[in-house]
Amino acid sequence: MTITLYSSSITLMKMNNETALVTGSTSGIGRAIAEHLLSQGCQVAICSRNEQSVTSTVAELTGKFGPRVIGFKCDVEHSVDLIRVVSQTVVRFGSLHILVANAGRSAHYGPFECLDPEDAEREAKQVIGANLIGTINTLATVLPQMKSQGYGRIVTLSGGGADRPIDNMTIYSASKGGLLAFSKCLAMELE
């Protein structure tokens, strides 16, 4: 069995006719990755918390790449959403070869000391929930499918603050540092 985990690096090999899931893929980096995978011949499942964004992105990408794209409203903080997305992706395309765990968020920019306790708690739940727990949920859901296939590629995006401090991004940096540690540990387990 070969399951490869890439962290903050999209070094993908031949991808024609492979199936990919890209979380957080209706805008920004996630959408660019989904478009790149489609341009390389992949079948791609996209998802986002915003149903309207999913619908419009699927329509745009289908117009450009044909019926090789499907989309789902999905909050990666909820494993039940991810189970549905992975299951329906496999039903539609027959497999799931590539995961790009891109979904994430950042809420507060500014000194941590400016947050009152309630704001700090809310921010931590939102940012760590999406960036770290959401990625953990996504990988926990996708790994059994990849293991049953005997093959898979996983990409996590750690982002700024994972390996060095960034001014005024304390909670975001903590979430990305945790994601980097998780990715490294999982990569060792999957070797």
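The values are calculated or read from the model by the stated rules, or taken from the named source; none is laboratory data. Note that the coordinates shown come from a computational prediction; the quantities given were computed from them, not determined experimentally. We place every Cβ from the backbone using ideal geometry, glycine too, and count neighbours over all the protein chains shown. SASA here: full protein model, heavy atoms, side chains in, ligands and nucleic acids out. Shrake-Rupley method; radii C 1.70, N 1.55, O 1.52, S 1.80 Å.
Of all residues in the range 62-84, those being under 25 Å from K176 (Cβ atoms) and in a loop (DSSP other than H, G, I, E, B) number 5. Every listed requirement among (1) polar (S, T, N, Q); (2) over 16 Å from T156 (Cβ atoms); (3) part of a helix (DSSP H, G or I); (4) in contact with a Ser or Thr (Cβ under 8 Å, 6 or more places away or on another chain) is met by S87 save one, (4).
Only a single criterion out of (1) more than 16 Å from V85 (Cβ to Cβ); (2) buried (at least 23 other Cβ atoms within 10 Å of the Cβ); (3) of a type outside the set (K, R) is not satisfied by N16, namely (2). Among the residues of the range 106-128, is there at least one that is more than 22 Å from L179 (Cα to Cα), assigned to a loop (DSSP other than H, G, I, E, B) and in contact with a strand residue (DSSP E or B) (Cβ under 7 Å, 6 or more places away or on another chain)? No, there is no match, as no residue in the range 106-128 is more than 22 Å from L179 (Cα to Cα), assigned to a loop (DSSP other than H, G, I, E, B) and in contact with a strand residue (DSSP E or B) (Cβ under 7 Å, 6 or more places away or on another chain).
Within the range 151-179, being in contact with a Ser or Thr (Cβ under 7 Å, 6 or more places away or on another chain) and surrounded by fewer than 19 Cβ atoms within 10 Å (Cβ to Cβ) holds for Y151, P165, I166. Restricting attention to the range 115-139 and to residues that are in contact with a Ser or Thr (Cβ under 7 Å, 6 or more places away or on another chain) and among the hydrophobic types (A, V, I, L, M, F, W, C), the residue that is surrounded by the most Cβ atoms within 10 Å (Cβ to Cβ) turns out to be V127.
Does G63 satisfy the criteria of being at pLDDT 95 or above, open to solvent by 20 Å² or more (accessible area, probe 1.4 Å) and on the phi > 0 side of the Ramachandran plot? Spell out the reasoning first.
Values: at pLDDT 95 or above: yes; open to solvent by 20 Å² or more (accessible area, probe 1.4 Å): yes; on the phi > 0 side of the Ramachandran plot: no.
In short, no.
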